[in-house]
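Here's the structure we're looking at; comments come further down.
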Amino acid sequence: MGMIQEFQQADKERRREVKQLQREVANMLRDFMAQARERKAEVAAIAKEAAAIIKEADTFVKELAKGSAQRASDVKAILNEFAKGDVQRASEVASMRAETDAMVEDLTKGSTQRRSDVTSMLRDLRAQAPERRAGVATIAKEAATIVEEADAFVKELARGSAQRHIDIWGTAPARKMAAPPVEELPEEMPPEEAVVEEAPVPVGELRDRVFAYLADHPDGTKLTELEEEFSLARIQIAKVVRALIDDNKVEKRDMLYFAI
C-alpha cells in the first residue's frame, strides 16, 4: 500500500471518528432536552397541586363557616324553647349555652388556624417556584454551553479533515462537513403562559390606566380586582403590574398593590 492509500485510509478512519462524535453529541443534547422538559413538567405539576389545595381549602373553610352558623341558629332556637320551662330548665339552658358558645369559638379558631396553615403552605410553594424555575434555567444554560462547545469541537475536526485533504490532494474537499443539527432549547415559560394567548393591548396606555386606578385606591388593590376592572387575563395584568414595580411606581404589601 502506497503513502497516498495510507493517507486515504487514515482520512476515512478520521471521518468515521467524527461521525461517531457527532452521534454522541446529538445523544447528549437529546438527554439534556429530556431533562429540561421533565423539570418544566415538575414545575407545572406543583403549580396545579397548589391551585387544587387553594380551591379545596377555600371550600372547606366555607363549609365550616356555614355549618357553624347553622349550628348556632339551631341551638338558639332550642334555647328559646327551653327558656319557657321551669328554673331547672333555665339552669340547663345556661349550661348548654356556655357549652355551645365554647364549641362555636373552638370551630371559629380552628377555621382561622386552617386558613393560616393553608396561607403559609401557599407562601412556601410560591417561594419554591422561583428556585425550580432557576434550576430549569441553569440546566438550559449548561445545555447551550455544551452545544456551543460540541459545535466548536466538530468544526475543528472538520477543518482538520479538510486540511489533510488539501495536504494529500492539493485541493479542498468538494463538500464541507456540517455540524449535526441541534434543536434549540425553548425559553423557560411559566405554565400559564404556555396556554394563554395574550390579546394585543397598548402597553403604555394600559400601564397609565392601571397606575391611575391604584392611585385612586390608596387602601390597596388585589390582582383579581385588577383583572375584573380591566377585563384582562391574569398573566397580562401581572406583566403590567411587574413593569410598574420595576419602574418604582407600584409596591406590593402582602396580597395588595399600592401606587407609590
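Yes or no, residue by residue, for (1) at pLDDT 85 or above; (2) under 27 Å from residue 113 (Cα atoms):
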site: 30; (1), (2): yes, no
site: 40; (1), (2): yes, no
site: 45; (1), (2): yes, yes
site: 80; (1), (2): no, no
Hey, among 39, 89, which residue is surrounded by 14 or more Cβ atoms within 10 Å (Cβ to Cβ) and among the basic types (Lys, Arg)?
39
State which residue is surrounded by the fewest Cβ atoms within 10 Å (Cβ to Cβ) when the search covers only the stretch 212-260 and only residues that are within 19 Å of the chain's Cα centre (by Cα) and small (Gly, Ala, Ser).
233
What is the residue count in the stretch 210-254 for residues that are hydroxyl-bearing (Ser, Thr, Tyr) and more than 23 Å from residue 51 (Cα to Cα)?
1
Could you say whether any residue in the stretch 1-20 is in contact (Cβ under 8 Å) with a residue 60 or more places away in the chain, β-branched (Val, Ile, Thr) and surrounded by fewer than 11 Cβ atoms within 10 Å (Cβ to Cβ)?
yes
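Condition check ((1) among the hydroxyl-bearing types (Ser, Thr, Tyr); (2) modelled with pLDDT of 85 or more; (3) surrounded by 11 or more Cβ atoms within 10 Å (Cβ to Cβ)) across all residues:
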| residue | (1), (2), (3) |
| --- | --- |
| 73 | yes, no, no |
| 76 | no, no, yes |
| 84 | no, no, no |
| 107 | no, no, yes |
Pairs please, first residue from the stretch 240-252 and assigned by TED's automatic domain parsing to the domain that holds residue 212, second anywhere and assigned to a loop (DSSP other than H, G, I, E, B) and modelled with pLDDT under 95, Cβ atoms under 7 Å, 6+ apart in sequence or on different chains.
248/260; 249/260; 250/260; 251/260
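The values are calculated or read from the model by the stated rules, or taken from the named source; none is laboratory data. Since the model is a prediction, treat every value here as computed from it, not as a measurement. Every residue, glycine among them, receives a Cβ derived from its backbone with ideal geometry; neighbour counts consider all protein chains shown.
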